[in-house]
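Shown next, in structure tokens, is the structure this report addresses.
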Amino acid sequence: MIARLALVLTLILGGALARAQEMQGPALIGPPMPSAPAQAPIAPITGPDYGAWALVAARAEQMSEQAVASVFAIDRQRVILVDWRDRFLAAEDQNAARIGTVKAQLAALGAAPDAGTEPADVAKRRADLETQLARLTAPAQLAQEAYVQANGLIGELDALMRSRETRRLTTRGTVPLDPANWPAAMTALKAGFVGIYAETTAALRSGQRYEAFKDARATILIYALLSLVLLRWGVRWMGRAQDWARRRIGARGGRVWDFLISIGWVILPWAGIWFFAEAVLATGYAGYRGGAIVASLPNAALYLLIAAWFARHFAPQGGGHSVLGLTTQASVTARRLLLVLAAVLAAGVVYGAFLDRIEMSDNARTVLVLPYQVVLGLALFRVGMFLVGAGRSAVAEGRNRLLPFVARASVAVAVLGPLLSAAGYGAASAAVMTPAILTLAVLATLILLQRLVFDLYALATGLDDGANDALLPVLAGFVLFFAALPPLALIWGAREADLQELWTRFREGFSIGATRISPTEFLTFAVVFGLGYTLTRLVQGTLRSAVLPKTRLDVGGQHAITAGVGYVGLFVAAVAAITSAGIDLSNLAIVAGALSVGIGFGLQTIVSNFVSGIILLIERPISEGDWIEVGGHMGYVRDISVRATRIETFDRTDVIIPNADLVAGQVTNWTRGNSVGRVIVPVGVAYGTDAEKVMKILTELAEAHPMVMLSPPPAVYFIGFGADSLDFEIRAIVRDVNFSMVIKSEVNLAISKRFAAEGIEIPFAQRDIHLRNPEALRAVLNPGKDQA
């Protein structure tokens with residue numbers, strides 16, 4: 001506290017000295033400068049009341065050091081500390097805009113030169129700005145220091161609470177199997193039943209209670225009628241609603257409405273039981289102990305109703321669709337085990353309310369709780385063993401690999417819980433068994449909700465078969481899983497304060513060097529970048545469909561402009577998002593420089609291809625639709641990306657060529673600039689044919705083809721004397737070289753017809769064989785004839 005007051009006084013004195021220096025007049029060194037406007041009086045530092053905070057911090061430190069305060073006192077003190085911490089967090093942004101302006105002014109003055117070399121007016125202005133900056137940043141510094149202190153004190157109190165909870169769970173209490181504790185337990189149990197009987201009998205004989213009952217008859221009657229209606233006809237209403245939905249809606253969306261309507265099977269009966277309990281309590285005859293039992297009935301019934309609801313989906317009657325894929329016999333077994341477990345839990349709620357109203361020692365209560373935990377363990381064990389068998393089938397069918405782990409964990413908890421209770425660790429037993437059962441309920445609910453998401457997606461898109469393979473329902477399943485983590489944490493003993501602390505830590509963000517990135521900044525970055533990305537895609541779509549087709553650019557040029565706009569738009573969107581989020585990347589320059597060396601070696605090929613892709617888009621030596629030949633591959637360019645180019649060959653296969661090969665290697669572009677090209681058609685005729693007549697016919701046929709250009713005219717050349725023919729060639733320039741194979745085929749067909757009409761022979765390879773000693777061969781073939 002004294003240090004903070006000293007800092008405040010120093011800032012105030014510094015501001016006073018600065019004002020005194022301003023009153024001494026302009027400096028004599030350097031050219032005259034315009035006088036700065038008079039500064040406003042230094043405003044006092046505003047913010048949280050640090051004097052009151054010092055008292056709160058001192059009390060929290062005392063609690064942490066002495067460790068004797070009650071749980072209520074610690075929780076209350078923690079709430080106060082959290083409130084102060086939020087104030088300090090908000091105060092850290094105080095004067096942020098003004099601080100930014102002053103820093104910009106100092107940056108405009110440049111770095112401070114060596115002493116004595118800066119003009120006096122500039123030095124004086126720099127000193128004034130530095131003093132003003134120190135005064136403006138003081139509240140944020142004080143708030144940051146106090147925030148760290150509050151954060152540390154909250155952590156100390158949380159550690160104290162956790163140590164107490166750990167001590168409670170690991171401390172061994174009374175052993176319920178010790179016979180010395182049984183008489184007291186039996187006496188307390190008997191006293192409880194006797195007390196209920198005595199209270200009820202006394203209430204029935206009391207005239208005052210009777211008068212109160214008569215005054216509440218209207219209320220009791222309304223509650224009783226509502227209870228009767230909901231319990232008697234509520235189930236029928238749900239059944240009729242399901243039948244109506246199936247008739248009107250049909251198969252598509254039927255499971256969605258079946259799920260939504262099935263919730264009414266829980267709500268309506270529970271409301272009927274709640275009205276029944278309220279009617280009984282309104283009579284006034286329940287008494288102190290009996291009233292606690294009656295008040296616990298709605299909570300007990302909720303276990304049974306939820307179990308029946310789960311059974312409708314996981315183990316339906318009549319061979320309906322089971323979420324786990326159970327057979328009809330397995331569904332019957334699962335339904336029975338589930339209802340037995342729920343009945344034990346419901347009985348535990350009523351039994352616990354009964355024990356809470358009996359005055360007894362902790363030893364007696366431990367003895368009376370053990371039978372319930374044993375029965376609960378047996379019920380959970382049976383459920384776990386059933387899940388083990390179902391898990392094996394699920395793994396064999398590849399449906400659910402998490403189920404075997406959950407099943408084995410349930411069996412382990414079912415065995416461990418009663419053993420801990422019998423050994424005297426009743427608190428640890430209660431902290432394991434009930435949370436394990438509730439965890440099963442949460443996981444079952446997650447499965448049903450995920451199936452509901454798939455059904456909703458199928459209903460919205462009409463894809464009944466492809467919903468399970470769609471991305472959106474899977475992402476929704478991940479969201480449901482993370483949403484279930486806080487309830488699971490609370491089930492397993494986490495406090496709400498612990499979850500709030502995790503949220504606070506998350507809200508603070510994380511630091512990379514001196515740069516802090518909070519969720520708010522990240523969300524701002526994501527929103528701004530998303531808007532920029534969307535705008536970029538809209539501009540690209542407009543250019544591609546409405547603007548560029550109306551220009552004289554070819555398809556490759558249009559693609560290059562569209563791609564360039566996309567890259568520039570993404571870069572601008574990223575810069576705008578970083579600026580809007582207020583993320584300072586200057587502190588990451590050293591880290592980025594160090595990483596760039598290693599990344600440069602590892603990604604040099606990718607960077608080379610990326611740069612080559614940019615060069616291809618700018619210089620455009622090839623474009624989409626060009627017929628090129630590179631690296632032994634020939635085909636049409638179908639796509640040019642920043643890393644590679646896709647070529648479709650003539651046999652309809654795609655070849656991915658890295659862009660660096662297109663820039664550094666040799667590429668033949670048959671259609672660059674235009675589609676005009678040359679076609680060569682070789683022709684051979686038999687020896688003895690009139691060569692001039694052949695050349696004339698070939699020239700006429702070439703000029704007659706519609707795709708052959710007459711300027712320059714096609715040429716026919718007598719190439720030479722072949723082994724079997726006189727060889728000629730037709731060399732013609734065609735309008736579209738993409739049809740070269742078609743043109744060759746048509747010209748060859750025309751030559752074949754014309755030569756046949758003119759009697760010109762197209763030779764084929766012939767060989768004459770001469771035998772030097774035919775007599776020897778004849779003797780071998782006909783040996784008998786020679787002898788004769």
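The values are calculated or read from the model by the stated rules, or taken from the named source; none is laboratory data. The model shown is predicted, which means the values in this text are computed figures rather than measured ones. Methodologically, a virtual Cβ is constructed for each residue, glycine included, from the backbone with ideal geometry; neighbour enumeration extends over all protein chains shown. Note: accessible area is taken over every heavy atom of the protein model, side chains too, but ligands, DNA and RNA are not part of it. Shrake-Rupley method; radii C 1.70, N 1.55, O 1.52, S 1.80 Å.
Would you confirm whether any residue within the range 116-132 is of a type in the set (Gly, Ala, Ser) and either under 26 Å from Phe72 (Cα atoms) or assigned to a loop (DSSP other than H, G, I, E, B) (or both)?
Scanning the range 116-132 turns up at least one residue that is of a type in the set (Gly, Ala, Ser) and either under 26 Å from Phe72 (Cα atoms) or assigned to a loop (DSSP other than H, G, I, E, B) (or both).
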**Message:** Going residue by residue through the range 739-757, is there one that turns out to be surrounded by 17 or more Cβ atoms within 10 Å (Cβ to Cβ), at pLDDT below 90 and of a type outside the set (Gly, Ala, Ser)?
**Reply:** no
**Prompt:** Do the conditions hold for Arg164, that is, is it over 30 Å from Asp498 (Cα atoms) and open to solvent by 50 Å² or more (accessible area, probe 1.4 Å)?
**Reply:** no
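Residue by residue, here is whether (1) modelled with pLDDT of 85 or more; (2) within 22 Å of Ile267 (Cα to Cα); (3) in contact with a Phe, Trp or Tyr (Cβ under 8 Å, 6 or more places away or on another chain) holds:
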site	(1), (2), (3)
Tyr197	yes, no, no
Ala203	no, no, yes
Ser206	no, no, no
Ile220	yes, yes, yes
Val229	yes, yes, no
Arg236	no, yes, no
**Residue within the range 78-85 that is touching a Phe, Trp or Tyr at 6+ places or on another chain (Cβ under 9 Å), surrounded by 14 or more Cβ atoms within 10 Å (Cβ to Cβ) and not in a helix (DSSP H, G or I) present** = no
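Conditions tested, residue by residue: (1) surrounded by 12 or more Cβ atoms within 10 Å (Cβ to Cβ); (2) under 30 Å from Pro371 (Cβ atoms).
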site	(1), (2)
Trp182	yes, yes
Lys190	no, yes
Ile196	yes, yes
Thr219	yes, no
Ser227	yes, no
Leu230	yes, no
**Prompt:** Only one of (1) crowded, with 20+ Cβ neighbours inside 10 Å; (2) more than 26 Å from Gln450 (Cβ to Cβ) is not met by Ala307, so which one is it?
**Reply:** (2)
**Fill in**
Checked against (1) of a type outside the set (Asp, Glu); (2) closer than 16 Å to Gly684 by Cβ; (3) modelled with pLDDT of 90 or more; (4) in contact with a Pro (Cβ under 6 Å, 6 or more places away or on another chain), Ser725 satisfies every condition except (3)
**Request:** Please identify the pairs in which a residue from the range 633-648 that is among the small types (Gly, Ala, Ser) has its Cβ atom under 7 Å from the Cβ atom of a residue that is assigned to a strand (DSSP E or B), counting only partners at least 6 apart or on another chain.
**Result:** Gly635/Ile647; Gly635/Glu648; Gly635/Thr649; Gly635/Val655; Ala644/Ile656; Ala644/Ile657; Ala644/Pro658
**Prompt:** Picking from Ala127, Ala203, Ala150, which residue would you name as being within 30 Å of Ile358 (Cβ to Cβ) and either in contact with a Cys (Cβ under 6 Å, 6 or more places away or on another chain) or open to solvent by less than 80 Å² (accessible area, probe 1.4 Å) (or both)?
**Reply:** Ala203
**Request:** Specify the residue that is farthest from Asp736 (Cα to Cα); the eligible residues are those in the range 685-712 that are of a type in the set (Gly, Ala, Ser) and open to solvent by 20 Å² or more (accessible area, probe 1.4 Å).
**Result:** Gly688
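Taking the residues in the range 277-335 that are part of a helix (DSSP H, G or I) and touching an Asp or Glu at 6+ places or on another chain (Cβ under 8 Å) as candidates, determine which candidate is modelled with the lowest pLDDT.
Looking at residues that are part of a helix (DSSP H, G or I) and touching an Asp or Glu at 6+ places or on another chain (Cβ under 8 Å), I get Gly287.
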**Request:** Output the residues belonging to the range 60-77 that are touching a helix residue (DSSP H, G or I) at 6+ places or on another chain (Cβ under 8 Å) and either at pLDDT 90 or above or in a helix (DSSP H, G or I) (or both).
**Result:** Ala60, Glu61, Met63, Ser64, Val71, Ala73, Ile74, Asp75, Gln77
